Amino acid sequence: MTKAQISRNQFIIALIWCILGTGIVTVPAAVAQFTVRDAWISSLLFLIGVCAVVIVTWMFARSFANRSFTSAVVRACGPWVGRILGVWFLICLYVTNCTVVREAEIFVGTTILPKTPEYMVGAFAMLAVVYAVYMGVEVVMRDAEFITPLVMLIAPILFFLSMQHMDVHELLPVLADGWTPVLRGGIVSNFDYALELVIGLQFIVFLRNTRYAARDVAVAGGLATVILTLVTVLTIGVVGPSTHYLSYPVLEAVRNIRVGRFLERLDTLYVIAVISTIFVKVAVFHYAWCIGMKDLFRLSSHRVTTLAGGMLVWCGATVLFSSSSDVQYFISYTVPVYFFVTFLAIPLLSIVAMAIKSKRKRLTTVQDE
Amino acid sequence: MIWLSLVASLSMVVIDWSSLRTAKRREVVLYIGLIGISFGMAVGYEMHLFSKVHLLAPIDALFRPPTKWLYHIL
């Protein structure tokens, strides 16, 4: 059986949707908790997190060619410590996936299905996700590719139609409250969303050429930064100071669109686009979790845990977070350092451990000669 | 949620039946373990157990103070 491979384009697209899937819904709202007028600068600071992930990916691809992160951490840190670190990483992926599914449930419940129990929404979403994951990485990546032209068609239309209600004065004066609120908002965008790009390390093993992995992460991160900043500028410009009080400010910006007296409620298109991208994000994270389980527990296939793991995510989403405020509080006040430790410190630790191991091996070889 | 998770569990076992028969014991144990945890979560949720028990409490206890400190020093 030939090994499944993904193209660079698929890799980049999947990473972009991994960030924008939830980022486009929650970043403006999360950043607006700290600053409204300067929220766009906080979104721009997303680039710092992207740079950190690019460096980690570059070092990882040099140290562990053709290995997923969970396989690499076991190789670098040994079977015991490596497995403990791998399980820690998988728990983080699981919690992230539960958070995303819960966000999706609440979003769909609030916007289009208010009378449907949220766990039913989650069940149907996970049904689609586990099917895609069960079929393999190529199906997940093709799904990401397939929705891209649809979203690229919808997003610019909504963007330009929203601009007619935009007031640039809502963004002025710049830095009136100093850098403190901007940097606090930047913590959410950097640590919570930019560090999610580390998920790419689990997919390096499927790339035809790992040499360009860091460059691909940089491209995905750069595009995500531009899009997030534009969306934040537009949202603040249209919604204004009310952004601070709204759960879905981007949705409100889109709801304002009216063309003549007959074309309105285009937010349905926005909801369709968001649900599609969230589907890709959950599928990518669930696939990464499944291949992580395969690496750590030496399973014969990722399919062993796909269905059972999907059910675990579905139940976990409802059980771990009782309400949207729970999710929001977790994202703002726990996730930043949690992701910093899991998505930056642990990969760096395994890279350093591998470097020490290789050096020791080289010294032993030289001494033997 | 209990009924839905029960139906989902049974459907999964039916779908994976042929691969479970040839799977290693370790894989079967893991499979049953994951389904068991999920079903336990669903039962606990219906019994309102998780209004008293917060499963993310260890993660919150570990990472919330340093995150708040990070916000504080900025």
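The values are calculated or read from the model by the stated rules, or taken from the named source; none is laboratory data. Here the structure is a predicted model, which is why all the values come from computation and not from measurement. Quick reminder, even Gly has a Cβ in these numbers, built from the backbone with ideal geometry, and neighbours come from all protein chains shown. Accessible surface is based on the protein model in full, side chains and every heavy atom, while ligands, DNA and RNA are left aside. Shrake-Rupley method; radii C 1.70, N 1.55, O 1.52, S 1.80 Å.
Under 12 Å from the Cβ of A:Gly109, count the other residues' Cβ atoms, weight Lys and Arg +1, Asp and Glu -1, and hand me the total.
Net charge in that neighbourhood comes out at -1.
Using a 10 Å cut-off around each Cβ of peptide B:26-36, what is the average number of partner chain Cβ atoms that fall inside?
Mean number of neighbouring Cβ atoms from other chains: 4.
Mind checking the mean number of beta-carbon atoms from other chains within 10 Å of the Cβ atoms in A:319-328?
3
Picking from A:Ile236, A:Ile19, A:Ile147, which is most flexible by a Gaussian network model of chain A using Cα springs under 10 Å?
Among A:Ile236, A:Ile19, A:Ile147, the largest mean-square fluctuation in the Gaussian network model of chain A belongs to A:Ile147.
Structure shown: which of A:Lys115/B:Lys52; A:Lys294/B:Lys52; A:Lys361/B:Lys24 lie over 31 Å apart, alpha-carbon to alpha-carbon?
Violating the 31 Å Cα-Cα cut-off are A:Lys294/B:Lys52; A:Lys361/B:Lys24.
Starting from chain B, pick out the trypsin sites (Lys or Arg not before Pro) whose DSSP state is loop and whose Cβ has at most 14 other Cβ atoms within 10 Å.
Loop-located and lightly packed - B:Lys24, B:Lys52.
Taking trypsin sites (Lys or Arg not before Pro) as exposed when DSSP calls them loop (any state but H, G, I, E, B) and at most 13 other Cβ atoms lie within 10 Å, what is the longest stretch of chain A free of them, the sites themselves excluded?
Between the exposed loop sites, the longest stretch runs A:4-114.
Using modelled backbone amide H atoms (1.01 Å from N, in-plane), which distant-in-sequence or interchain residues come within less than 5 Å of A:Ile6's amide H?
A:Leu207, A:Arg208
Please report, in debye to the nearest 20, how large the charge dipole of region A:19-350 is about its Cα centre when each Lys and Arg carries +1 at its beta carbon and each Asp and Glu carries -1 there.
Here region A:19-350 has a charge dipole of around 920 debye.
Would you rank A:Asp326, A:Asp177 by solvent-accessible area, highest first, keeping every protein chain in place and using a 1.4 Å probe?
The residues order as A:Asp177, A:Asp326, largest area first.
Helices from chain A with mean Kyte-Doolittle at least 0.0 and a Cα length along the axis of 30 Å or more, per DSSP H: which?
A:8-32, A:79-111, A:137-162, A:213-239, A:267-296, A:346-368
Working with all protein chains in place, sort B:Tyr45, A:Tyr248 by solvent-accessible area computed with a 1.4 Å probe, largest first.
The ordering from most to least exposed comes out as B:Tyr45, A:Tyr248.
Determine the dipole magnitude for region A:209-353: charges of +1 sit on the beta-carbon of Lys and Arg, -1 on that of Asp and Glu, nothing else is charged, the reference point is the Cα centre, and the result goes in debye to the nearest 20.
That gives region A:209-353 a dipole magnitude of about 320 debye.
Once you put a point 7 Å from the Cα of B:Val28 and another 7 Å from the Cα of A:Thr110, both along the Cβ direction, what distance in nm separates them?
Label at B:Val28, label at A:Thr110, 4.6 nm between them.
Ignoring everything except DSSP H segments at least 4 long, calculate the 222 nm mean residue ellipticity for the protein assembly as shown; use -39,500 (n - 2.57) per segment, divide by total residues, nearest 500.
Computed ellipticity for the protein assembly as shown at 222 nm equals -24500 deg cm²/dmol.
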